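Below you'll find the structure, written out as structure tokens, and then a few comments.
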Amino acid sequence: MTMYSENVHIVNHPLLAHKLTILRDKNTSTKDFRELVSEIGMLLTYEATRDLPLTEREVETPLCKTVAPTLAGKKFAVVPILRAGLGLVDGVLRMVPSARVGHIGLYRNEETLEPVKYFCKMPKDIAERDVLIVDPMLATGGSAAAAIGFMKEYGCTNIKLMVLLAAPEGIELLQREYPEVPIYCGAVDDHLNERGYIVPGLGDAGDRIFGTK
Ligand code: PRP
Ligand code: URA
């Protein structure tokens, strides 16, 4: 098995593994697929936010006063890569309700597999925020690398990427171009086919989330 750097986090959890298998099943309905993407988004966010800084505050329990941990209130933004990344936003926001949301619109040219940008809208103070880019699929890595590049142009310095499924090719590209960006993923599959699809994969994530095929 390929060894990746410590910045590649393959989240190993039975609930996540079980839900991913249902996603892979071609007979899973659009409704179930969408709900599962959101649930897996929550489970992955749990891991991707493990290093959020804590401070302390006083709290009065029914028994006594005590000092207990609370989030230090670091500014956080989730940035979905449209379209399919939208499916993960709700899961992130359920875990981090105060997060702001920036959007990057990219689609892959089906012949060249190169990402094409069609939309970008960020919170004004995005450069001060910790950024979590989300997309269900990391295939060639072209879309994620472009998204990371855009966020760097905005001045962001703390960037992470969260995906459901990755291909070795995508991880290797990001490790070469952006080794400092941590990747959180549910599984790394075997390979890409000649059309740039992850195998065994789950098919076209955007089409399955939005029911467009
Ligand atoms: C899919 C997926 C990623 C990209 C991954 O989007 O959601 O954004 O492909 O492929 P890559 O790693 O080779 O760049 P797609 O271009 O199909 O657009 P969509 O989300 O609008 O369906
Ligand atoms: N995009 C998808 O939606 N699925 C793949 O397998 C590869 C890219």
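The values are calculated or read from the model by the stated rules, or taken from the named source; none is laboratory data. Worth saying up front: this structure is predicted, and the values here are computed from it rather than measured. Note that we place each Cβ from the backbone using ideal geometry, even for glycine, and neighbour counts take in every protein chain shown. Surface areas here come from the heavy atoms of the whole protein model, side chains and all, with no ligands, DNA or RNA. Shrake-Rupley method; radii C 1.70, N 1.55, O 1.52, S 1.80 Å.
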### Query
Looking only at segment 167-205, which residues are part of a helix (DSSP H, G or I) and among the small types (Gly, Ala, Ser)?
GLY170, ALA205
### Summary
Within segment 133-143, of all residues that are out of contact with any helix residue (DSSP H, G or I) (no Cβ under 6 Å at 6 or more places or on another chain) and crowded, with 24+ Cβ neighbours inside 10 Å, the one modelled with the lowest pLDDT is SER143
### Task
Residues that are in contact (Cβ under 8 Å) with a residue 24 or more places away in the chain and more than 28 Å from LYS213 (Cα to Cα): find the strands (runs of 3 or more DSSP E) completely inside segment 72-162 holding 3 or more of those.
130-134
### Summary
Checked pairs for segment 173-193, first on the phi < 0 side of the Ramachandran plot, second of a type in the set (Phe, Trp, Tyr), C-beta under 9 Å and 6 or more apart or across chains, list as GLN175/TYR4; ILE183/TYR4; VAL188/TYR4
### Query
Taking the stated definitions as given, is GLU39 open to solvent by 20 Å² or more (accessible area, probe 1.4 Å), farther than 16 Å from LEU132 by Cα and under 14 Å from the mean Cα position of the chain (by Cα)?
yes
### Query
If you go through segment 176-183 one residue at a time, do you hit one that is of a type outside the set (A, V, I, L, M, F, W, C) and closer than 26 Å to ARG24 by Cα?
yes
### Query
From the list LEU43, LEU20, which one is in contact with a strand residue (DSSP E or B) (Cβ under 6 Å, 6 or more places away or on another chain), more than 15 Å from ligand 1 (Cβ to nearest atom) and assigned to a helix (DSSP H, G or I)?
LEU20
### Query
Would you pick out the residues in segment 127-147 that are farther than 19 Å from GLY41 by Cβ and away from ligand 1 (no atom under 12 Å from the Cβ)?
ALA127, GLU128
